[in-house]
Amino acid sequence: FGGGGGDGDDGTTEITAGTAPGFPPFEMKQDGELVGFDIDLLEAVVDETDYTLAGWEEYEFKSLIPALTNENIDVVAAGMSINDERDETIDFTDPYYSSNQAIVVREDGDFSPESLSDLSGRSIGAQKGTTGETTVQDELIEPGNLDESNYNSYGNYVLAVEDLQNGNIDAVVIDEPVAQTFAAQRPVTIAFTYETGENFGFGVREGDDEFTQALNDGLSTVRDGSTYQDLTNKWFGQQ
Amino acid sequence: MPPLPLQSDWAFVAGNLDLLLAGTGVTVGLTAASILLGFLLGFPAGAVEVYGRGPLKRAVETAGVVLRGTPLLVIIILLFFGLSVSSSAFVTATIALGLRSAAYQSQIFRGALQSVDEGQLEAARAIGMGRLQAIRGVVVPQALRRSVPGFQNEFTIVLKDTSIAIVIGLGELLTVGQNLYQGGQSTAALEIFLTVSLIYFVLTFVTNRSLDYIDDHFSIPGGERA
Amino acid sequence: MGTPESTTTGRTIRGRAAGLTDQPLTLLTVAVFWTWLVVRWTNDFLLDGALIERNTSFFPTAPFESVASTLGSLASSLGPVGFPVGWVAGFFEFLAASIPYLPQLATGVWATILLTVLGIALGFFIAVPLSVARVYGGSATRSVALGYTELFRGTPLLAQLFVLYFATPLTAIIRELPTVGTGFIPAQAFWVAVIAFMLNSAAYQSEYIRSALNSVPEGQLTAARAIGLSKVDGIRHVVLPQGLRYAIPGWSNELVYLIKYSSLASFITVRELFERTDAIASETYRYTELFVLAGLLYLALVLSASLLMEYVEDRVAIPGLGTTSR
Amino acid sequence: MSPPLLELDDVYKSYGEEQVLSGVSFEMDAGDVDVVIGPSGSGKSTMLRCVNRLTEINGGDIYLDGDCITDANTDVNELRKQVGMVFQDFNLFAHLTALENVTLGLRKVRGMDKAAAQEKGYEHLEQVGLLDQADSYPAELSGGQKQRVGIARALAMDPKLLLFDEPTSALDPELVGEVVEVMRDLAAEGITMLVVSHEMGFARSAASDIIFLDDGRIVEHGPPEQLFENPQAARTGEFLSRLTHEGE
Amino acid sequence: MSPPLLELDDVYKSYGEEQVLSGVSFEMDAGDVDVVIGPSGSGKSTMLRCVNRLTEINGGDIYLDGDCITDANTDVNELRKQVGMVFQDFNLFAHLTALENVTLGLRKVRGMDKAAAQEKGYEHLEQVGLLDQADSYPAELSGGQKQRVGIARALAMDPKLLLFDEPTSALDPELVGEVVEVMRDLAAEGITMLVVSHEMGFARSAASDIIFLDDGRIVEHGPPEQLFENPQAARTGEFLSRLTHEGE
Ligand SMILES: Nc1ncnc2c1ncn2[C@@H]1O[C@H](COP(=O)(O)OP(=O)(O)OP(=O)(O)O)[C@@H](O)[C@H]1O
Ligand SMILES: Nc1ncnc2c1ncn2[C@@H]1O[C@H](COP(=O)(O)OP(=O)(O)OP(=O)(O)O)[C@@H](O)[C@H]1O
Ligand SMILES: [Mg+2]
Ligand SMILES: [Mg+2]
């Protein structure tokens, strides 16, 4: 695999996708199987192109970009938001999902913030390398509303929510769909959402324009048909 | 003790035991391959540190200091993303863990070789054995026996360090465990951590006792134990 | 009489000690590293950014960048023979890219050092009784000590951190303590990590000390008992002072291990060197540069630790002791 | 009449199955120098170790100055202050200088302060002719010097009785003389000593009595002239002839 | 006339600054048994080690059977097959049985097959009276037995010359006898031996010559009667009197 893929049996080019499970409902392991919205969506999109998906590789979220530039994988589908820093290193397809950030607090707690400014002086958590973290950095720490030592960064949002329940932090900033899953399962609640206008896109190697174009075409085909709606219902429908 | 903050969900763990065992398989395979590579490189390196001289000895010593001083994570990331030594994560992880372990094993064997009384080598030379022949035939068999305790420590460390391989996409026991509680079906993190710990513990215990057994079997009758 | 042996082994020990101290490059590196750290910490923690603003590097990037680009163009103009020049250019490029991150990494180094030093020092006080129990205890104390050791060595440190942090009331207790999390006293997660490292490294340290105690000849305790010292006093005044000296090399290894394993504390949000590196890298995507940089800082820490232990070993050295351990 | 300084009364000692001492009885008066000889494994070291209870006996009694020292409630540390021991392989505390070796017991057992202990330490180092080596570590001393420090260390506790376990057999032939000379001086000063040794020169000239131990039993016990010139038991004669090598 | 079996011609040896041997010369004929005596540090061990080149000399020449063995191009392994060595502290291979200790050299150096090596091994163990202990490991043997294995190991290589470095000084007084007896038997069989030893019984009865070494120089060299009864140098007399202890 890798190296931009070889030619498949039927004359199509094989590609390998990479993801970082542990981010439901976008990608996770269930009974040892990799499942999730991103998984289904990318497979549907690639089906619409001349490429074939050879398989999935699993990495830590932060290793995905190095793995992509290093040609271990050809495309990233991992709930990755499009932002300038990432765009310097890799290219993105058109957005396929817009995510806002949810601010999650304890259900039974007396802290119920209504805007980001209410968070100043509190301890806040987020998952390392996610938009949640960027939001905390850009909107709270940089303007001086939050001391850096009051921000805790976790390897995974499950640990952040765990620590929220333990009382070590007062709020967690995470993607809205993920927050909804949590609010349903745990004694936590969404205090408010913050509109970031964040968009998720598939990550591709810089300069791999032909492939990017193919994915973009596939994506619009999927969006135009009923597939996209079916997948949204399947993965986000329960709430 | 206050109630555990995590929900008890042992049934979930039990239901996914097969996945954990598959992860254990990766852990065991990676450990075995790395320890073996570490031994194949570390033993000669230890011997060079004791008996070698000149640039070869200095090179081995320097490589050892660098490998021991650099965190495994850095080694593994550099080998995979930096030097791209292999496109296989398993091979790269084996090389990274194996090189690092070689650096530590060389110190274990250096100590063991040095602890064999100098008179042993001298006596072998005195009956006309060549230097290499004497080291191989007389010093090494005794040193290997003495290095068992250090080797057990090293094994324990490599076993647990295999979990770092996930940064290059190789998921073993610990990663499988983390995927389970991050999978959205359950939040049984504590149960999973305890189960994973138990598996590591059993692996360590069984291996170390087996090494003890082998050591006993090969021990020199009446001889003092290292 | 052992004259020839003791002269030769004495020479080996001194030869080994000279190994690091005799390399001016190592000494220089370590000196530069510590000067930078101390000035940085003083500025950031004590003077509240009086010399230079926090998070701003002491060193300007521009000169390095210009040297890099000059050399880079020189290298390409030289063609194939420009290879070494290109390499040097790459090095300057690396320096220029690294400089902005140094201040944040320096605060990470502070936490790493504090974690390591506290963990190993506190662990030592558990390790000594553990090892004495293993060597001299009755069967009950022996098995308790063995059980402790096997438990903490046989399970992953990550799992120990997890259980202590998420599944015990430790954090709740510690965060209520006065001054925790204020000023430069770190917050509860740090202290949980210290406790985990203490418990874990006590298990490893006790093994090193145990084998050192075993290498103190039995006659030493017999002689101590024969002049009327009790068993405990004999161990305290005669066996331990010798055994601990024998234990120094193994103990140094443990120190080096702990420096590197302290990175696991990032898992419970402690902002030590690795966590800082990882955080910056996930923001900037400069993984390779940052991890190489962190690797160099860890290497400098490890070298410093080796030098320190060499110095300690030298200071407490006693003729004929620890040189003929077996 | 005052009781004997040391009395062993029908002492038995075994290690597991192995009977090491089988009914050993003898007495020593203050000022006596008794030399114990016997083949390897006959129980000589074990007998000495019983006297300061470095090992426990299985039967019989041992009396020091009339007090039974083998009861369960004897304070062994107290006993050991009164019975000094000098070892075959010296067993000097390797991490302490010669002076510190001598003063450790004074300070930690006797509770003397540092200055007083040092003064007494120097005194005893002088007694064995080692004042110059006070600050040397054991590894810096020759075998004979080490053994003399060992003697000073034992003497410093002012013991009623000094035990010596083959104090010269780990020494080079030439160094034996030094140590034998110190022992002879101690004998002349009237210090009571029980000495396991095969130094026949010392035994002949300084011993009050010779005790020949074989297989855990005292085979013969008497003044040196009697044992050397006119041994009663055949085994004694045989052993003595073997010891001097010249006969072979 | 055939050349002497061993000849040292003005041999110098130093370790760094320290001059250890200063112009040592002597000769031995086949069948001779020469005993070297001298104080500690006088260079006795060093002299032996020069003969089988466990250490290199700085000046002079050594001839074995007429061949100069101290050139750069002498094959040291070849030389050491011809010169056997028995060590003070035995240096038996700790991981091998008595028999394996004896056969290791036969198999690895002589290249004999296992059966032939074993047969020869048993022969030499019998020669030193240890057939029963063939399968024991060193740690299971007494000191005297260990040393006899050491002798068998050296004999098995059929050396022209056997070197002994204080072969009895690590032994208990009673065990010395065993080893001395074996050496005496070897002497009677006409095996050429150069022995560092202070066993005066052996020296008197078996030595062809005694060599007295002091401070790296041969002070006196002659048959035992001459040295013991009528030493030429004052230093020799002084040393001998100290050695026997009786004089003190
Ligand atoms: N701690 C012990 N455990 C078991 N057996 C022992 C112990 N100490 C001594 N023995 C046995 O007791 C017997 C007598 O030993 P001891 O050391 O008293 O003899 P010895 O006369 O001093 O001999 P040597 O002249 O060799 O020193 C020996 O058979 C020895 O193996
Ligand atoms: N490898 C060595 N390096 C430096 N000096 C040495 C070495 N071996 C021996 N010497 C020195 O050479 C001198 C002679 O030593 P040697 O061992 O030959 O004496 P010896 O006569 O055998 O003494 P002993 O009776 O104590 O065995 C001593 O001063 C010793 O310290
Ligand atoms: Mg004894
Ligand atoms: Mg010698």
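The values are calculated or read from the model by the stated rules, or taken from the named source; none is laboratory data. Because the structure is a prediction, the values reported are computed rather than measured. Note that we place each Cβ from the backbone using ideal geometry, even for glycine, and neighbour counts take in every protein chain shown. Heavy atoms of the whole protein, side chains included, go into the accessibility calculation; ligands, DNA and RNA do not. Shrake-Rupley method; radii C 1.70, N 1.55, O 1.52, S 1.80 Å.
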**Asked** Quick check: anything in region D:206-223 modelled with pLDDT under 95, within 14 Å of another protein chain (Cβ to nearest Cβ) and touching a Pro at 6+ places or on another chain (Cβ under 6 Å)?
**Response** no
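Hey, among E:Val219, E:Val195, E:Val179, which residue is under 25 Å from D:Ser42 (Cα atoms) and either surrounded by 22 or more Cβ atoms within 10 Å (Cβ to Cβ) or within 16 Å of ligand 2 (Cβ to nearest atom) (or both)?
Matching residue, one of E:Val219, E:Val195, E:Val179: E:Val179.
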**Message:** Would you confirm whether or not region C:244-259 contains a residue that is open to solvent by 20 Å² or more (accessible area, probe 1.4 Å), farther than 30 Å from C:Ala167 by Cα, part of a helix (DSSP H, G or I) and within 12 Å of chain A (Cβ to nearest Cβ)?
**Reply:** no
**Request:** Name the single residue, out of those in region C:285-306 being touching a residue at least 12 places away in the same chain (Cβ under 8 Å) and within 14 Å of chain A (Cβ to nearest Cβ), that is surrounded by the most Cβ atoms within 10 Å (Cβ to Cβ).
**Result:** C:Ala294
**Message:** Could you go through region A:53-76 and let me know if any residue there is out of contact with any helix residue (DSSP H, G or I) (no Cβ under 6 Å at 6 or more places or on another chain), buried (at least 22 other Cβ atoms within 10 Å of the Cβ) and more than 12 Å from every other protein chain (Cβ to nearest Cβ).
**Reply:** yes
**Item:** Boolean, D:Thr46 is within 16 Å of ligand 1 (Cβ to nearest atom), within 14 Å of another protein chain (Cβ to nearest Cβ) and either closer than 25 Å to D:Leu186 by Cβ or under 19 Å from the mean Cα position of the chain (by Cα) (or both)
**Value:** yes
**Request:** For region D:36-43, indicate whether the set of residues that are more than 14 Å from chain E (Cβ to nearest Cβ), over 30 Å from E:Leu171 (Cα atoms) and buried (at least 21 other Cβ atoms within 10 Å of the Cβ) is non-empty.
**Result:** no
**Request:** For D:Asp172, state whether it is surrounded by fewer than 18 Cβ atoms within 10 Å (Cβ to Cβ), charged (D, E, K, R), within 12 Å of another protein chain (Cβ to nearest Cβ) and more than 16 Å from ligand 2 (Cβ to nearest atom).
**Result:** no
**Residues being of a type in the set (A, V, I, L, M, F, W, C), surrounded by 22 or more Cβ atoms within 10 Å (Cβ to Cβ) and within 25 Å of E:Glu166 (Cβ to Cβ) - total across region E:95-108** = 3
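So that you can scan it fast, the table gives a plain yes or no per residue for (1) farther than 13 Å from D:Gly84 by Cβ; (2) of a type outside the set (A, V, I, L, M):
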{"position": "D:Ser142", "(1), (2)": "yes, yes"}
{"position": "D:Ala154", "(1), (2)": "no, no"}
{"position": "D:Asp158", "(1), (2)": "no, yes"}
{"position": "D:Asp185", "(1), (2)": "yes, yes"}
{"position": "D:Ala188", "(1), (2)": "yes, no"}
{"position": "D:Met193", "(1), (2)": "no, no"}
{"position": "D:Glu199", "(1), (2)": "yes, yes"}
{"position": "D:Phe202", "(1), (2)": "yes, yes"}
{"position": "D:Asp209", "(1), (2)": "yes, yes"}
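Could you please give the count of residues in region B:39-85 that are more than 14 Å from chain C (Cβ to nearest Cβ) and closer than 30 Å to A:Lys62 by Cα?
Final tally of qualifying residues: 1.
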**Prompt:** Quick one: in region A:108-131, which of the residues that are closer than 23 Å to A:Asp84 by Cβ and small (Gly, Ala, Ser) is surrounded by the most Cβ atoms within 10 Å (Cβ to Cβ)?
**Reply:** A:Ala126
**Request:** Go through the residues of region A:91-107 one by one and say whether even a single one is within 14 Å of another protein chain (Cβ to nearest Cβ), surrounded by 21 or more Cβ atoms within 10 Å (Cβ to Cβ) and in a loop (DSSP other than H, G, I, E, B).
**Result:** no
**Complete:** Taking region E:186-205 and the residues there that are more than 16 Å from ligand 4 (Cβ to nearest atom) and in a loop (DSSP other than H, G, I, E, B), the one that is farthest from the other protein chains (Cβ to nearest Cβ) would be E:Gly190
**Message:** Looking only at region D:151-170, count every residue that is part of a helix (DSSP H, G or I) and within 11 Å of the chain's Cα centre (by Cα) and tell me the total.
**Reply:** 2
**Message:** Looking at C:Ala212 and the list (1) open to solvent by less than 30 Å² (accessible area, probe 1.4 Å); (2) away from chain D (no Cβ under 14 Å), which single condition is not satisfied?
**Reply:** (2)
**Complete:** For E:Lys160, the lone unmet condition from (1) more than 14 Å from chain B (Cβ to nearest Cβ); (2) away from ligand 2 (no atom under 16 Å from the Cβ); (3) in contact (Cβ under 8 Å) with a residue 40 or more places away in the chain; (4) open to solvent by 40 Å² or more (accessible area, probe 1.4 Å) is (1)
**Request:** From C:Glu176, C:Glu207, grab the single residue that is out of contact with any helix residue (DSSP H, G or I) (no Cβ under 8 Å at 6 or more places or on another chain) and either more than 14 Å from chain D (Cβ to nearest Cβ) or among the acidic types (Asp, Glu) (or both).
**Result:** C:Glu176
**Item:** Candidates B:Leu174, B:Leu211, B:Leu190, filtered to the one that is under 20 Å from the mean Cα position of the chain (by Cα) and within 30 Å of A:Glu27 (Cα to Cα)
**Value:** B:Leu174
**Request:** Sort through B:Gly98, B:Gly46, B:Gly42, B:Gly25 and tell me the only one that's under 19 Å from the mean Cα position of the chain (by Cα), small (Gly, Ala, Ser), open to solvent by 20 Å² or more (accessible area, probe 1.4 Å) and modelled with pLDDT of 85 or more.
**Result:** B:Gly25
**Item:** Residue, nearest to E:Gly41 (Cα to Cα), within region E:112-141, restricted to residues that are of a type in the set (Ser, Thr, Tyr) and open to solvent by 40 Å² or more (accessible area, probe 1.4 Å)
**Value:** E:Tyr137
**Message:** Just to verify a result, which residue in region B:153-173, among those that are away from chain A (no Cβ under 14 Å) and either in contact (Cβ under 8 Å) with a residue 60 or more places away in the chain or touching a Cys at 6+ places or on another chain (Cβ under 6 Å) (or both), is surrounded by the most Cβ atoms within 10 Å (Cβ to Cβ)?
**Reply:** B:Thr162
**Asked** Out of the residues in region C:153-192 that are among the small types (Gly, Ala, Ser) and under 17 Å from A:Ser153 (Cβ atoms), which is surrounded by the fewest Cβ atoms within 10 Å (Cβ to Cβ)?
**Response** C:Gly181
**Complete:** A careful count of residues in region D:29-49 that are assigned to a loop (DSSP other than H, G, I, E, B) and either touching an Asp or Glu at 6+ places or on another chain (Cβ under 6 Å) or within 16 Å of ligand 4 (Cβ to nearest atom) (or both) gives 4
**Request:** Just give me the residues in region E:7-23 being near ligand 2 (Cβ under 8 Å from one of its atoms) and charged (D, E, K, R), in sequence order.
**Result:** E:Glu18
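Of the residues B:Gln142, B:Gln133, B:Gln178, B:Gln120, which is in a helix (DSSP H, G or I) and farther than 30 Å from E:Glu78 by Cα?
One residue alone meets the criteria, B:Gln178.
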**Listing of helices (runs of 4 or more DSSP H) fully contained in region E:57-131 that carry 2 or more residues being in contact (Cβ under 8 Å) with a residue 60 or more places away in the chain and of a type outside the set (A, V, I, L, M)** = E:76-82
